[in-house]
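These notes concern the structure reproduced below.
The values are calculated or read from the model by the stated rules, or taken from the named source; none is laboratory data. Being a predicted model, the structure only gives us computed values, none of them experimental. Neighbour counts run over all protein chains shown; Cβ positions are idealised from the backbone, glycine included.
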Ligand code: UDP
């Protein structure tokens, strides 16, 4: 660890690590920021998280636990702003972050770590003002997202593309979730390969563990000897929960004997463009004639989510794109195989034929075939379940934090080298 690393300013402008993930703008990034902060604090690195306040009742500063504080920064109206309206609040948010630091002695923060491009813009300013390195994690990238849009989804605006390019240029080090993402940063955004480091996100292996399928089903009030196919996540076209429902309809047509035994769960709340049509999946289930088999479950805290994963015969992650896909790893950590789209980070999060099945494309029939294999092929489910536990075990957050501390050290080195280059 860098001996000078005492305190990190974590910027998470558009979503707070204290929000319930699985709905609105709260998802994997929130889980990531909080889990990483906890592991850093456990290693003696204090973390101050700056996020935009979205509720007038929030305290300006919340002590989450020893070594982690969340600052609710006032920037724009509390409610009603969409992510696309936030660029207009960047200046005031940045001003408030700089003001908060001005109360402290010089050199209070050793490093800024920003998450998502909006925070990167603020991080870049803080970097220059405080003279400390900027580490940035993209979480998602507009150019990648626009290349794999779900039908009817709106492309990310040019302002975001340009904003991301600026952050890539400003950051001392960029963190990529996977090798694929590292390549995209270099190929699509022109990042210097020497400034890109792959750090896999993690999974909380204490929370997401094998709690037993039967016990989990009993706790959830589900039939213990039936089958359960589950989707978990923010409900929006990019995540393709509709593909899973269509695939279930195909499966039930081909295997009508499953109808009385199969439950399908959709866990999570509307998000992004999904907010415009919150009942779209309820209507789709009705059109497909599978309403009786489907349960819609509002977002569940992680301590309860473990039961949904463990109770499932399989968890389906059919997204058009995922930077990583925490849901896939969490499900596997409980010993549940995953059927996922062979896209982006999911090809790292899921080991094809070992911990789950990766499906090319988004044809419902292909997912139905994968479901049928996991549910019906003798021995396959048990083999994948064992592989799932093993595969997920390599993604603990402790590893993520250790690797991140190395990245922080590299960022200090880069900055020192850049400054000495300037002095020449
Ligand atoms: N999640 C949750 N409760 C829910 C649905 C989702 O806590 O009801 C969490 C889930 O455990 C995971 C995160 O939200 O940690 C989603 O992360 P992922 O990387 O799968 O998707 P993202 O939201 O980043 O697109």
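Filtering 126, 150 for residues that are touching a residue at least 40 places away in the same chain (Cβ under 8 Å) and out of contact with any strand residue (DSSP E or B) (no Cβ under 6 Å at 6 or more places or on another chain) leaves a single hit, 150. Only one of the numbered conditions (1) at positive phi; (2) away from the ligand (no atom under 12 Å from the Cβ); (3) in contact with a helix residue (DSSP H, G or I) (Cβ under 9 Å, 6 or more places away or on another chain) is violated by residue 361, and that is (3). Candidates 285, 265, 311: the one that is within 12 Å of the ligand (Cβ to nearest atom) and touching a strand residue (DSSP E or B) at 6+ places or on another chain (Cβ under 9 Å) is 265. For the range 306-318, the criterion of being in a strand (DSSP E or B), within 17 Å of the chain's Cα centre (by Cα) and within 21 Å of residue 253 (Cα to Cα) is satisfied by at least one residue. Looking across the range 172-181, the residues that are within 21 Å of the chain's Cα centre (by Cα) and farther than 17 Å from residue 32 by Cβ come down to 179, 180. Just a yes or no: is a residue in the range 8-28 more than 17 Å from the chain's Cα centre (by Cα) and under 14 Å from residue 405 (Cβ atoms)? Scanning the range 8-28, I find at least one residue that is more than 17 Å from the chain's Cα centre (by Cα) and under 14 Å from residue 405 (Cβ atoms), so the answer is yes. Taking the listed residues 344, 361, the one that is surrounded by fewer than 20 Cβ atoms within 10 Å (Cβ to Cβ) and outside any strand (DSSP E or B) is 361, with no other qualifying. Of the residues in the range 224-240, at least one is away from the ligand (no atom under 15 Å from the Cβ) and under 25 Å from residue 151 (Cα atoms). Scanning the range 289-308 for residues that are more than 17 Å from residue 375 (Cβ to Cβ), touching a helix residue (DSSP H, G or I) at 6+ places or on another chain (Cβ under 8 Å) and more than 11 Å from the ligand (Cβ to nearest atom) turns up 289, 291, 296, 307. Is there a residue being within 13 Å of the ligand (Cβ to nearest atom), under 20 Å from residue 204 (Cα atoms) and touching a residue at least 40 places away in the same chain (Cβ under 8 Å) anywhere in the range 39-55? No, every residue in the range 39-55 fails to be within 13 Å of the ligand (Cβ to nearest atom), under 20 Å from residue 204 (Cα atoms) and touching a residue at least 40 places away in the same chain (Cβ under 8 Å). Note on the range 322-335: residues that are near the ligand (Cβ under 9 Å from one of its atoms) and assigned to a loop (DSSP other than H, G, I, E, B) total 4. Counting only residues that are at pLDDT 90 or above, near the ligand (Cβ under 10 Å from one of its atoms) and either outside any loop (DSSP other than H, G, I, E, B) or over 17 Å from residue 81 (Cβ atoms) (or both), the range 15-25 holds 2 of them.
Counting only residues that are closer than 11 Å to residue 141 by Cα and in contact with a helix residue (DSSP H, G or I) (Cβ under 6 Å, 6 or more places away or on another chain), the range 177-190 holds 3 of them.
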